[in-house]
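One structure is given below, encoded as structure tokens.
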Amino acid sequence: MRAAVFLLALACLSAFAGRCQTPKKYAGGDLRALNQLATKWGRYWNTHNMDSMGTLLRPDVDFITVGGTWLKGKAEAVANHKEKHATIFKTSTWTTNTVDIKYVKPDLAIIHLQWGITGDFDPDGTPRAPRQGIFTWVVTKEKAQWLLLAAHNVNIREPAAR
């Protein structure tokens, strides 16, 4: 009886684990293109080229900044980032630490990026300490191009003392 329960549990866990992996049918070109989104994001951030960053966004993107501002649409997201890169982010450097891609269906994926930023400033001009965060992207594929439909960004904070 114990062996049967163990085998049943093992089968269930194996089936669940298989759903969390990238199916082989999505590997290859799409996987490379999705990873390239993260590469391009970092390049555009570090060159402070927000017009190019805009090429990664759908026109109807919903973009939540790390500060909690909800930017609605590509034009608003690009304008906000241009303003910030002319001031608080003008000397910042972005590092993508990890990229985790989860396919929902062939034209829809969720990407989690762990990132780091150095060289940015508080609004009063005080240099910020280097920080880490997590970016969640919902991306869709249209006309063979993957674009951000929604983005939500957070700083990683120290856990509260218990």
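List of remarks:
- Going by neighbour counts of Cβ atoms within 10 Å, the residues 107, 120 line up, fewest first, as 107, 120.
- Applied to the range 143-153, the Karplus parametrisation 6.51 cos²θ - 1.76 cosθ + 1.60 on θ = phi - 60° returns per-residue 3J(HN,Hα) values of 6, 6, 10, 8, 9, 6, 9, 8, 9, 9, 10 Hz, with x for Gly and Pro.
- Close lysine pairs were tallied over the range 66-122: pairs 8 or more places apart or on different chains with Cα atoms under 19 Å apart number 5.
- Per-residue HN-Hα couplings for the range 96-102 [Karplus 6.51, -1.76, 1.60; θ = phi - 60°; Hz; x = Gly/Pro]: 8, 8, 9, 10, 10, 10, 10
FYI, it's all coordinate maths here, none of it is from the lab. Note that the coordinates shown come from a computational prediction; the quantities given were computed from them, not determined experimentally. Reconstructed Cβ throughout: ideal geometry from the backbone, glycine too, with neighbour counts over all protein chains shown.
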